[in-house]
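Contents: one structure, followed by commentary.
Each value in this text was obtained by applying a stated rule to the coordinates, not by laboratory testing. Note that this is a predicted model, so its numbers are computed, not measured. Glycine gets a Cβ as well: all are built from the backbone with ideal geometry, and neighbour counts include every protein chain shown.
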Amino acid sequence: MILLDLFLTFFKIGLFTFGGGYAMLPLIQEEVISHGWMPLRDIVDFVAVSESTPGPFAINIATYVGTETGGILGAICSTLGVVLPSFIIILIVAKCYEKFRDSGIVKGCMTGLKPAVIGLISAAVISIGQTVFFPSGITASAFSSPEFYISAAIFAVMAVLAFKKVNPIIIVCISAVIGIAVGYSLGM
Amino acid sequence: MDNKNIKTSRFRKGLELFLTFMKIGAFTFGGGYAMIPMIQREIVEKKGWITDEDILEIVAIAESTPGPIAVNSATFVGYRVAGVFGSFCATFGVVLPSFLIISLIALVLRQFRELKAVKYAFYGIRAGVLALIIKALVSMYKKSPKGWASYVIMAASFAIAAFTELNVLYIIIGCAVFGLVTSVLMKRRDEK
């Protein structure tokens, strides 16, 4: 049953994600967490893994969630699920490309979808921010913990690097090194 | 005889599509649009299967169809080169490296996740990832359409997703419908 569930869930995610890469995050967050397959923290960790390995984020995360919840068969089901909607839709579009390109309906929907993706990712950023800065909830004591300030400092430095177009892999590596150094020196 | 030749050439094309897209899948980091220059070099310049104009077409299609850009473009190029069989080969090729690499990594992660050093590393990485996602968000915002309707949709979808329990799917469908309705209304107004 888990296999079918993985397939259908990722089929849904593939079918409703417009715009590549992180556009998938809000849906992944919604579906994967509500199924209890993985906490948000693990998804955030996996974003780093995906940035540092080749291949599209969608395939990577589908394979990862599938493996973790249903083994290798689970991975096959979720990956097949996330690929299939695109595959079918592109085959249809390739056959009648002109009609598709000039379609007012497609253009109209896209004028709504593009800004929606921005809003949805922004909302995902808020919950990811909570997981990063306040892993045990927003409390008064969270603001006085060194973990909070160190996370904030790492975030600030990495944001500067990211906007300077430093390669994401390098950003992931530097953050990891800082994390290890800080972790051991504070004995967290 | 002719029939047999067509069959072998089709098979060979399928194999070539599979291998080329496997290479693309194995060597593009970050996915999405990062894949486009690679596709251009491999498919347009080396193989000559499609033209630069086709690439623009593919990007336009990928932007207005659901799913990952890598899969969209593999399916599209595969179809152009060798029909449905070609799409299958190209898509299978682009997916396979990720699939294998991530299955392996999942195994490794499970073994090492509880190590102190790995925990610390991910503690640092999480803050870095947040920065990467915000960077991606800002570049998406720069490319997105401007105007009051867009801002309303952005604000509304953000607020609903952040402050209510409504499933993201309904927000996506709602925004598509809203976009369609406003664009039809604007077109009518322009026609008058």
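Just counting partner chain Cβ atoms within 10 Å, what average do the residues of peptide B:44-51 show around their Cβ?
Details: counts 0, 0, 0, 0, 0, 0, 0, 0.
Mean inter-chain Cβ contacts per residue within 10 Å come to 0.
Which entries in the list A:Lys107/B:Lys143; A:Lys12/A:Lys99; B:Lys23/B:Lys46; A:Lys99/B:Lys7; A:Lys114/B:Lys146 go over 19 Å, if you measure between the two C-alpha atoms of each?
On the way: A:Lys107/B:Lys143 16 Å; A:Lys12/A:Lys99 25 Å; B:Lys23/B:Lys46 13 Å; A:Lys99/B:Lys7 31 Å; A:Lys114/B:Lys146 10 Å.
Pairs exceeding 19 Å: A:Lys12/A:Lys99; A:Lys99/B:Lys7.
For segment A:84-101, just list the computed ³J(HN,Hα) in residue order, Karplus coefficients 6.51, -1.76 and 1.60, θ = phi - 60°, integers in Hz, with x standing in for Gly and Pro.
Taking θ as phi minus 60°, the curve returns 4, x, 4, 4, 5, 5, 5, 4, 5, 5, 4, 6, 10, 4, 4, 4, 5, 4 Hz for segment A:84-101.
How would you classify segment A:1-118 from its alpha-carbon gyration tensor, with a ≥ b ≥ c the square roots of the eigenvalues: rounded for a/c under 1.5, else prolate if a/b is greater than b/c, otherwise oblate? Don't skip to the answer; put the middle values down first.
Numbers: a/c = 2.11, a/b = 1.65, b/c = 1.28.
It is prolate, given that a/c is not under 1.5 and a/b is the larger ratio.
For B:Leu107 paired with B:Ala60, estimate the spin-label separation in nm (one decimal), with each label point 7 Å from Cα along the Cα-to-Cβ line.
4.5
Which one, A:Ser145, B:Phe158, A:Pro135, is farthest towards the positive end of the dipole of the protein assembly as shown when Lys and Arg carry +1 and Asp and Glu -1 on their Cβ?
B:Phe158
I'd like the distance between the alpha-carbon centres of segment B:72-133 and segment A:123-166, rounded to an integer number of Å.
25
What is the helix-to-structure angle for A:25-34, meaning the angle in degrees between its Cα long axis and the longest Cα principal axis of chain A, kept from 0 to 90 and rounded to the nearest 10?
Taking Cα atoms only, the helix is inclined about 80 degrees.
Mind giving me the FRET efficiency for A:Phe148 and B:Ala117? R0 is 25 Å, r the Cβ-Cβ distance, nearest 0.05 is fine. Kindly include the intermediate steps, with their values, before the conclusion.
Working: r = 21 Å, r/R0 = 0.86.
Efficiency computed from Cβ-Cβ geometry: 0.70.
If you put +1 on each Lys and Arg Cβ and -1 on each Asp and Glu Cβ, how big is the dipole of the protein assembly as shown around its Cα centre, in Debye rounded to 20? Could you put the intermediate results ahead of the total?
Numbers: 32 positive and 23 negative charges, 130 e Å.
Around 620 debye, computed over the protein assembly as shown.
How far is it, in nm, from the label point at A:Tyr97 to the one at B:Phe85 when both lie 7 Å from their Cα along the line to the Cβ?
2.1
Which residue, chosen from A:His35, A:Ser78, A:Gly183, occupies the Cα position most advanced towards the positive end of the dipole of the protein assembly as shown, where the dipole is computed from +1 (Lys, Arg) and -1 (Asp, Glu) charges on Cβ about the Cα centre?
A:Ser78
Going by alpha carbons, how many degrees (0 to 90, nearest 10) lie between the helix axis of A:2-16 and the longest principal axis of chain A?
With rounding to tens, the tilt is 80 degrees.
Please go through segment A:57-113 and write out the chymotrypsin sites (Phe, Trp or Tyr not before Pro) that DSSP classes as loop and that have at most 14 other C-beta atoms within 10 Å.
none
If packing is taken as the average number of other Cβ atoms within 10 Å across a peptide's residues, how do A:146-152, A:9-15, B:51-57 rank, most packed first?
On the way: A:146-152: 16.0, A:9-15: 23.7, B:51-57: 13.3.
Most protected by this proxy first, the peptides run A:9-15, A:146-152, B:51-57.
Counting only other chains, and only Cβ atoms inside 10 Å, what mean value do you get across the residues of B:143-155? Display every interim value, and only then the final one.
Values: counts 3, 8, 5, 1, 2, 0, 3, 7, 3, 2, 9, 8, 4.
Mean number of neighbouring Cβ atoms from other chains: 4.
Which whole-Hz couplings ³J(HN,Hα) result when phi for each residue of segment B:44-54 is put into the Karplus expression 6.51 cos²θ - 1.76 cosθ + 1.60, θ = phi - 60°, listed in order with x for Gly and Pro?
Computed from phi, the couplings for segment B:44-54 are 8, 6, 7, 8, x, 6, 9, 9, 4, 4, 4 Hz.
Within the set of other residues whose C-beta is less than 14 Å from the C-beta of B:Glu63, count the net charge using Lys and Arg as +1 and Asp and Glu as -1.
That works out to +3.
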